[in-house]
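Below: the structure, in structure tokens.
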Amino acid sequence: MAKTASIEVKNQDLIGALRDFFKTVLAQDEISAIQVPWRLPMKNMVMPTLITDPERLNGADPLSPVFPINSAKIVSRLTRKESGGKVAAVMRSCEIRAFIELVKLKQGQTENLVIIGIDCLGAFRNRDYFSWVGEDIEESTKKYAADVLGGKSAAADGSISLSTACQACESPIPVGADITIGLYGIDTDHKVLIQSETVKGENLMARLQLTDEEEPPSRKKAIDKLVEERTAVRDNMFTETHAATDSLEKLTIYLANCVNCYNCRVACPVCYCRECVFVTDVFDHDPSQYLRWADRKGALKMPTDTIFYHITRLAHMSTACVGCGQCSNACPNDIPVMELFRSVSQNTQAAFDYTPGQSIEEKPPMSVFKEEEFEEVVGID
């Protein structure tokens, strides 16, 4: 049975309480290291960092509104093979769901991993974050967390807003974690909710000797309200994106700024191929081929194959897209890649009745044969 407990927040220092909790986790004999969002000492940036020294956790910053990388791929690297120790990883909801998809694809393992999920407060685009964060990153994060948990806008002056991916994310609460850190609907000036979601998590919580707690009704109410708001934004995004891409001509305009940098492929946590076909000789066309194409059309946009690249990616991984938004975050020309991929993926996933990252036991679409599936397509009565 899942266990619910709490940790005390002293002097209204929420970040300090979380750091102390991470230290107690790292202090357990079975835990060799903990990966957590951590402030870089040389810059006002927060990156996933693998920590073994408890004192270094004083720089942990899991509530900072910046999301430079989906750490699912990093956790995949840490768990793909035997490491000689057990790692705890603090992850957002979309990171956990992406990692679960990678586990299904044999790109990671859960045996020597404890996943600590934390309610996601959202994040800005990278460039917006740098314009928002002040010299005192600690105070910036504290104010941000207090505003969001207090129901205020992410940027009170309206100058910037959360990334579109976060505004449209209907899954801000971790699913698939061993332990969940609950913030929404909780009086975080005084306590934080800690819940075990698996036997592994329950066993660890028992060793941490936390104070038992009942989940307050305010938590469900706050989550339901947030999900309702996010779902409305998501559905509006789908409508606008479909209208902007419902023909080849419109799609060409939508992707016109693409320069084939492949940043979106590299940033995508569930795009896992060791070698991408687009960086092989298949698309290394002869110079004469470009001239023939240009002669036939009268003009040839360079580089070529940009639309084909995105369509291929959609066909390859739309069943596994978790909507983290890293593709858009990585685009140098501000193409709304996430909006396109989430909109198409929503339809693909609905067709297969599949939610990526929801269950580690559920096999990915097209990896299993179902006799009664798409009968209207194959013509079987």
Read through the list (1) modelled with pLDDT of 95 or more; (2) surrounded by fewer than 19 Cβ atoms within 10 Å (Cβ to Cβ), then give the number of the only condition that residue 109 fails. (1)
Can you name every residue in the range 308-336 that is closer than 14 Å to residue 125 by Cα and more than 15 Å from the chain's Cα centre (by Cα)? 331, 332, 333, 334, 335, 336
Quick check on the range 166-187. Is at least one of its residues under 28 Å from residue 356 (Cβ atoms), assigned to a helix (DSSP H, G or I) and assigned by TED's automatic domain parsing to the domain that holds residue 75? yes
Of those in the range 41-67 that are part of a loop (DSSP other than H, G, I, E, B) and in contact with a strand residue (DSSP E or B) (Cβ under 6 Å, 6 or more places away or on another chain), the residue nearest to residue 124 (Cα to Cα) is 65
Selected residue [within 30 Å of residue 71 (Cβ to Cβ), at pLDDT 90 or above and among the hydroxyl-bearing types (Ser, Thr, Tyr)] from 241, 252: 241
Answer yes or no: is there a residue in the range 7-27 that is of a type outside the set (Asp, Glu), over 23 Å from residue 194 (Cα atoms) and out of contact with any strand residue (DSSP E or B) (no Cβ under 7 Å at 6 or more places or on another chain). no
What is the residue count in the range 277-327 for residues that are out of contact with any helix residue (DSSP H, G or I) (no Cβ under 6 Å at 6 or more places or on another chain) and part of a loop (DSSP other than H, G, I, E, B)? 10
Please state which one of 336, 365, 332, 269 is at pLDDT 90 or above and either surrounded by fewer than 18 Cβ atoms within 10 Å (Cβ to Cβ) or more than 17 Å from residue 169 (Cβ to Cβ) (or both). 332
Using the structure shown, decide if residue 122 is touching a Leu at 6+ places or on another chain (Cβ under 6 Å) and either surrounded by fewer than 23 Cβ atoms within 10 Å (Cβ to Cβ) or within 30 Å of residue 332 (Cβ to Cβ) (or both). yes
Just one listed residue, out of 171, 196, is surrounded by 19 or more Cβ atoms within 10 Å (Cβ to Cβ) and farther than 30 Å from residue 237 by Cβ, and it is 196
Condition (residue is at pLDDT below 95 and of a type in the set (A, V, I, L, M, F, W, C)) applied to the range 49-63: is it met by at least one residue? no
Restricting attention to the range 127-157, the residues that are touching a Phe, Trp or Tyr at 6+ places or on another chain (Cβ under 8 Å) and either modelled with pLDDT under 90 or more than 25 Å from residue 89 (Cα to Cα) (or both) number exactly 4
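The values are calculated or read from the model by the stated rules, or taken from the named source; none is laboratory data. For clarity, every value in this text was computed on a predicted model and none was experimentally measured. So basically every Cβ, Gly included, is an ideal-geometry build from the backbone, and we count neighbours across all protein chains shown.
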